[in-house]
1. On the basis of being over 27 Å from Ala93 (Cα atoms) and either out of contact with any strand residue (DSSP E or B) (no Cβ under 6 Å at 6 or more places or on another chain) or among the β-branched types (Val, Ile, Thr) (or both), does Phe39 make the cut?
2. Hey, any hits in the stretch 25-41 for a residue that's touching a residue at least 60 places away in the same chain (Cβ under 8 Å) and open to solvent by 40 Å² or more (accessible area, probe 1.4 Å)?
3. Hey, which of the helices (runs of 4 or more DSSP H) in the stretch 18-98, taking only ones fully inside, have at least 1 residues that are in the same structural domain as Ala2 (by the TED database)?
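The values are calculated or read from the model by the stated rules, or taken from the named source; none is laboratory data. This one's a predicted model, so the numbers in the text were calculated from it and none came from an experiment. Glycine also receives a Cβ, built like all others from the backbone with ideal geometry; neighbour counts cover every protein chain displayed. For the accessible areas, the whole protein counts, side chains as well, though only heavy atoms, and no ligand, DNA or RNA atoms are used. Shrake-Rupley method; radii C 1.70, N 1.55, O 1.52, S 1.80 Å.
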Amino acid sequence: MAASRYRRFLRLCEEWPAEDSKRQRDLGSFLRQRVAQAFREGENTQISDPEACDQMYESLVRIHTNFYKNKYPRLKDTTFTGVTVEDCRTILATDILKQMDDMKKGTWKRLREKFSAKKPEDDSK
């Protein structure tokens with residue numbers, strides 16, 4: 001029985017898209033990591049709580065198939081601020097978040113990083 005659960009999770013991981021704009025921060029990559037941890041022995045893994053495993057799978061399937069988005073359609077594809085889905089994706093992209101973090105740094109810290117021979121991570125030690 002664990003083998004069929006493992007195969008279902010693998011199929012779900014294959015179908016789940018990976019977002020390139022959110023490198024290592026998207027739900028698809030997190031799901032792949034968790035499945036790898038939970039099924040370390042592959043099909044031979046012993047599942048301690050099969051009901052919880054099945055519930056988790058069904059919940060992930062509902063998220064993947066946009067069950068609730070289809071069940072409760074929205075009238076508009078914007079938020080109360082007027083921001084569209086594409087704007088949100090752009091803002092949450094890894095590159096943009098990195099640029100925002102760089103903008104938060106003070107002038108002295110940016111100059112020190114620019115002219116320092118060692119990496120910024122070394123300064124925190």
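1. yes
2. Within the stretch 25-41 (the criterion being touching a residue at least 60 places away in the same chain (Cβ under 8 Å) and open to solvent by 40 Å² or more (accessible area, probe 1.4 Å)), the answer is yes, since at least one residue qualifies.
3. In the stretch 18-98, the matching helices (runs of 4 or more DSSP H) lie at 27-38, 50-64, 67-71.
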